[in-house]
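What follows is a single structure, written as structure tokens, with notes after it.
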Amino acid sequence: QVQLVESGGGLVQAGGSLRLSCAASRRTPSIYGIGWYRQVPGNERELVATISSGGSTNYGDSVKGRFTISRDNAKKTVYLQMNSLKPEDTAVYYCNMLGTALWGKGTQVTVSS
């Protein structure tokens, strides 16, 4: 069974950068897109960015121009480069195989002011 594992979270000051990774435990069909979502306790899960199998990308309004999603199919990994981080970006970040119920367990991102 395929698993998704997020990594790269941590504590960073406002204005800093982090790169998150979402790695698949084994090769997945290339037809699947991957999405990054984030959630703050008490709030609904929010779309951050998605990338299709063909490389088309989509971003939530709050991260446009600051975050970049990319994929390396050979490494079975999708990345989320996060620049110009703000305290309101603090959340647990999850990746999802789009169109499926497959989610990772999340990685915590904390941005201090």
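Okay, here's what the table says:
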item	result
SER25 accessible area, assembled protein chains, probe 1.4 Å, Å²	60
Sparse-neighbour loop sites [trypsin sites (Lys or Arg not before Pro); the range 34-113; at most 13 other C-beta within 10 Å; DSSP]	LYS64, LYS105
Candidate lysines for bridging to LYS75, where Cα separation is under 22 Å - those fewer than 8 sequence places away on the same chain excluded	LYS105
Phi-based couplings in Hz for the range 81-95 (Karplus 6.51, -1.76, 1.60; Gly and Pro marked x)	7, 10, 10, 6, 5, 10, x, 6, 7, 4, 4, 8, 9, 10, 10
Counted charge near LYS76, where neighbours are those whose Cβ lies closer than 11 Å (Asp, Glu -1; Lys, Arg +1)	+3
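The values are calculated or read from the model by the stated rules, or taken from the named source; none is laboratory data. It should be emphasised that the depicted structure is a prediction, and the values quoted were computed from it without experimental measurement. FYI the Cβ positions are ideal-geometry reconstructions off the backbone, even for glycines, and counts take in every protein chain you see. Side chains included, ligands, DNA and RNA excluded: accessible areas come from the protein's heavy atoms. Shrake-Rupley method; radii C 1.70, N 1.55, O 1.52, S 1.80 Å.
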